[in-house]
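We did not get these values from a lab; they are worked out from the coordinates using the rules stated. It should be emphasised that the depicted structure is a prediction, and the values quoted were computed from it without experimental measurement. Heads up, the Cβs are rebuilt from the backbone with ideal geometry, glycines too, and the neighbour counts pull from every protein chain shown.
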Amino acid sequence: MKKSIILLGLILGGFTANAQSVVEGTKLADNWSVEVNAGAITPLTHSAFFKNMRPAFGVGISKKLTPIFGLGLQGMSYINTTSSKTALDATDVSLLGKVNLMNLFSSYSGEPRLFEMEAVTGIGWLHYYENGAGDQNSWSTRFGLNFNFNLGESKAWTLGIKPAIVYDMQGSHPIKNHFNANNAAFELTAGLAYHFKTSNGSHHFATVKAYNQAEIDGLTSSINTLRAEVNNKDGEINHANQRINSLQEELEACRTKVVPVETVVKTSRVPESIVTFRQGKSSIDASQLPNVERVASYMKKYADSKVIIKGYASPEGSVEVNARIAAARAEAVKTILVNKYKISSSRITAEGQGVGDMFTEPDWNRVSICTIED
């Protein structure tokens, strides 16, 4: 007998664990309901079934632990129809255990079915109201079935038909403290229950997708692969940023580099000056003004001398752009000689020569070469 009870407990425990592993909305405040019941009760033996039937009514509160198992507290009152002066024959307050047979044997699909059958058992306090000597107390047991119809789109309401057998465990029959039909009554009620909203937003348990370990391992592997790819991309970006910084430093060094000034002398007293320019520019930097002044000083000293200024460009850019920049560089030197040093423009010839190839370093060919002619 003990082995059978233990085996039954393990089976029911397995059902409970399975139900809890695939549903959500199992917090303490979830899956509560209230209900009102009304019907009739009649002695099971030694009385006319319908003639001795008395009205019954009551209220109850229930808590579903899982889609299969639940607990309830129910209070029932039975109206007196005899000649005694008490309004009620008896009251019965019971603690109930409930098993949803549909979910037990067919599993829970995520929403209550339209029709469900529930087994109910419980133990309670039975109180009889009597005239004269005083009331009597006893304890009761209850066994029944609930035939439930879950109504509404959200299944928030349940209409139940509830037949049950109620035993007075200390009844007046000589064989006491046993489940004796002579101390029992048949109760038939209908009840309307309202199910409060749960933490998952519905009025009932909601199913959740169960993942197997292989699927979880696959997802974990994919995440690790993506993380590795992100780390590789971060390394490539860091390397590219370092390269950009290096190129910017080289560019800045080129911009600030001072090109050596070389003076070419045809004779012992005829100078030739070179004026360098920045890339894409035709304006003369302050560092190059001494080279222009050298030409101006010579031409002021020798009034008959003339100068030929030839402007050049480095290879970058199109032919048209280089030709325009080369001519502008020659004109820039001429403009300073005329405006600042008051050299007659008739003594100055300014010519653009396009791309220069005088020097092996391309940047050094961004120049204007001033050649003095006596």
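Take every DSSP beta bridge whose two residues both sit in the chain; close to 95 percent of them are antiparallel. Annotation for Lys85 and Thr360: the two label points, set 7 Å from Cα along the Cα-Cβ direction, are 13.5 nm apart. Each of His195, Ile123, Phe359 was placed along the dipole of the chain (beta-carbon charges, centred on the mean Cα), and the one lying farthest toward the positive end is Phe359. Note: relative contact order over region 272-373, using C-alpha pairs below 8 Å and six or more positions apart, is 41 percent. Were the residues from Thr207 through Arg324 laid out at 0.36 nm apart, the gain over their Cα-Cα distance would be 34.3 nm. Compared with the alpha-carbon gap, the fully stretched path from Arg243 to Ile123 is longer by 34.9 nm at 0.36 nm per residue. If R0 equals 35 Å, the separation of the Cβ atoms of Val99 and Ala38 corresponds to a calculated FRET efficiency of about 0.90. In the chain, helical runs assigned H by DSSP with n ≥ 4 each contribute -39500 (n - 2.57); averaged across all residues and rounded to the nearest 500, the mean residue ellipticity at 222 nm is -9500 deg cm²/dmol. Based on C-alpha pairs under 8 angstrom that are at least 6 apart in sequence, the chain has a relative contact order of 12 percent. Taking the 0 to 90 degree range and rounding to the nearest ten, how far is the long axis of helix 2-21 tilted relative to the main principal axis of the chain, both from C-alpha atoms? Helix 2-21 and the main axis of the chain meet at about 40 degrees.
Diagonalising the gyration tensor over the Cα atoms of the chain and scaling each eigenvalue by 5 before taking the square root yields semi-axes of 117, 22, 15 Å, largest first. The packing ranking, built from the mean of other Cβ atoms within 10 Å per residue, places the peptides 293-305, 156-168 in the order 156-168, 293-305, highest first. Each eigenvalue of the Cα gyration tensor of region 272-373, multiplied by 5 and square-rooted, gives one semi-axis; in descending order these are 23, 12, 12 Å.
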